[in-house]
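As structure tokens, the structure follows; a few thoughts come after it.
Each value in this text was obtained by applying a stated rule to the coordinates, not by laboratory testing. All values derive from a computational prediction rather than experimental measurement. Note that each Cβ is placed from the backbone with ideal geometry, even for glycine, and that neighbours are counted across all protein chains shown.
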Amino acid sequence: MENIVARATRRLLEVTGSSAPTAVPAPLDWRDGLPVLNGSMATLRELRLSDAPALLAMLSTEEVTQFISPAPATVQGFERFIAWSNRERARGTHVCFAVVPHGMDVPVGIFQIRQLDPGFATAEWGFALASAFWGTGLFIDAARLVVDFAFDEIQIHRLEARAAVLNGRGIGALKKIGAIPEGILRKSLLRNGEYLDQALWTILEEDWRAVRIAPGFRVH
Ligand SMILES: CC(C)(COP(=O)(O)OP(=O)(O)OC[C@H]1O[C@@H](n2cnc3c(N)ncnc32)[C@H](O)[C@@H]1OP(=O)(O)O)[C@@H](O)C(=O)NCCC(=O)NCCS
């Protein structure tokens, strides 16, 4: 893991330069600014415009986007996404956390949650990590924090994810976090000129709380 972090940090510093994190008081309402969430492997925080070069390097690869909507192809495209994301957070419709592994100061992935109804009782989440971090435990570490945030802070009741049925890693990750498959959304994702089937995977608030308070709680 140290080698991966060191290698990725070196690579990212080449494209981004470094910036020391600044201590700011946590906002009381997530609409005013996302809190910093601390996991055992990473910190999750609000996106910053300065994250754009790192996100481009980490998430715009064919490997990462094979089964999801394509990521922006330029730094400017990621800057527009970050500005939009922070505006939508302020409107209360969407949040996006940057995943910053301990020992790094730039993100290697993102977790998004967007409302599906005006009250944000139902929501859809999506996530992507740089492929160098797949299989390292970073996903489950960050995902637990995000799902807790969804149910505790946004007060979502039902969290949905759409995963292409060919996306073995994405589906494996959803199973690990405790999501339940509900059905197939036929030809619902256009990717490289072809419509792919996706499955709908959901987590209900009551299921998450029941698992969380169970003795020896550990999703997966
Ligand atoms: C989705 C993503 C964040 C998950 O992170 P990850 O580090 O790869 O996830 P993990 O390794 O913790 O978990 C994946 C699980 O799927 C399993 N898996 C991998 N390939 C698989 C395959 N082809 N079929 C079935 N299971 C598979 C892994 O073995 C692992 O399970 P294990 O820990 O029990 O061995 C990451 O793969 C990613 O960014 N993918 C690209 C973007 C994406 O597809 N997003 C998800 C959309 S639903």
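Listed from fewest to most Cβ neighbours within 10 Å, the set Asp207, Asp117 follows the order Asp117, Asp207. For the stretch 70-220, the pair-distance distribution built from all alpha carbon pairs, in bins 10 Å wide starting at 0, is 10, 37, 41, 12, 1 percent. When Ser131, Ser69 are arranged by Cβ crowding within 10 Å, least crowded first, meaning fewest neighbours, the order is Ser69, Ser131. What shape does the stretch 22-93 have by the C-alpha gyration tensor, where a ≥ b ≥ c are the square roots of the eigenvalues, rounded means a/c under 1.5, and otherwise prolate means a/b greater than b/c and oblate the rest? Judged from the Cα gyration tensor, the stretch 22-93 comes out prolate (a/c at least 1.5, a/b above b/c).
Just want to confirm a number: the relative contact order over the stretch 46-163, from Cα pairs under 8 angstrom separated by 6+ residues, in percent.
Values: 168 pairs, mean separation 27.2, N = 118.
So the answer I get is 23 percent.
Once C-alpha pairs closer than 8 Å and six or more residues apart are averaged by separation and normalised to the residue number of the stretch 81-220, the relative contact order reads 16 percent. As a proxy for reagent exposure, ranking Val108, Val165, Val100 by other Cβ atoms within 10 Å from fewest up yields Val165, Val100, Val108.
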